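Visitor: Here's a structure for you.
Just so it is clear, none of the values below were taken in a lab; they were calculated from the coordinates. Treat the numbers as computed from the prediction; the structure is a model and nothing was measured. When we count neighbours, we look across all protein chains shown, and the Cβ atoms used for this are built from the backbone with ideal geometry, even at glycine.
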Amino acid sequence: MSQADLFKQLAASRRSKKEETEQKPEVTPQTQAQPLSKGGEGGIKKRGRPATGKRSNPDWIGRTYYIRKETDLDVESELLKLKREGIELDKSELVDFLLSEWVKSCQGDKATFRIGENT
C-alpha cells in the first residue's frame, strides 16, 4: 500500500468520524441583546467563539512530544502536498493514526500499516 493511499484512507476515516460526531447547534434569533448575568450556577453566558475542535472534544487529550526540526519541516511539506490534493490532515491526526496502527500491530491485531515497512 503506497503512502498516498494510506493518507487517503486516513482522510476518509477522518471525514466519516467527523460526520458522525458533528452536531449542528440550533440557532434561535434574539431580538434584543441580553446582558451577561453574574453569579448563580449555569447563569453565566460565555462570550467568544463556541468551543469546537480537538481541545474541547473529550475524545482527544493534549500531549507534548519533541521531534527534530528537519522532521517537522518534512512533515509540513508532505501535509501541504496532501492538502493540494484535497486531503485535509493535521499533525495530531497523523500522529494519532500512526500510534493507533502501532498499538494494533503490537497487540497482534491486523494493522493496515506497519512501521517496519517504511524504514
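Visitor: If each residue of separation counts as 0.36 nm, what is the full-extension length gain between Val103 and Ser77 once their alpha-carbon separation is subtracted? List each step's numbers first, then the result.
Guide: Working: separation 26, 0.36 × 26 = 9.36 nm, distance 2.62 nm.
Once the chain is fully extended between Val103 and Ser77, it gains 6.7 nm.
Visitor: Sticking with this structure for a sec: Starting from the Cα of Thr112, step 7 Å along the direction of its Cβ; do the same at Ser13; then give the gap between the two resulting points in nm.
Guide: It is 0.5 nm.
Visitor: I've got another one for you. Provide the per-residue ³J(HN,Hα) series for region 94-104, in order, calculated from phi with Karplus coefficients 6.51, -1.76, 1.60 and θ = phi - 60°, each as a whole number of Hz, with x at glycine and proline positions.
Guide: 5, 4, 4, 4, 4, 5, 4, 5, 5, 4, 4
Visitor: Next question, about the same structure. For the residues Ile61, Ile87, what sequence is obtained by ranking on other C-beta atoms within 10 Å, fewest first? Before the final figure, lay out the partial values.
Guide: Numbers: Ile61 7, Ile87 17.
By the 10 Å Cβ count, ascending, the order reads Ile61, Ile87.
Visitor: If you don't mind, there's one more thing I want to ask. Just list whichever of Lys83/Lys104; Lys8/Lys81; Lys54/Lys83; Lys54/Lys110; Lys8/Lys104; Lys8/Lys110 have alpha carbons separated by over 22 Å in the model shown. Before the final figure, lay out the partial values.
Guide: Values: Lys83/Lys104 27 Å; Lys8/Lys81 12 Å; Lys54/Lys83 19 Å; Lys54/Lys110 27 Å; Lys8/Lys104 19 Å; Lys8/Lys110 19 Å.
Too far apart for the 22 Å limit: Lys83/Lys104; Lys54/Lys110.
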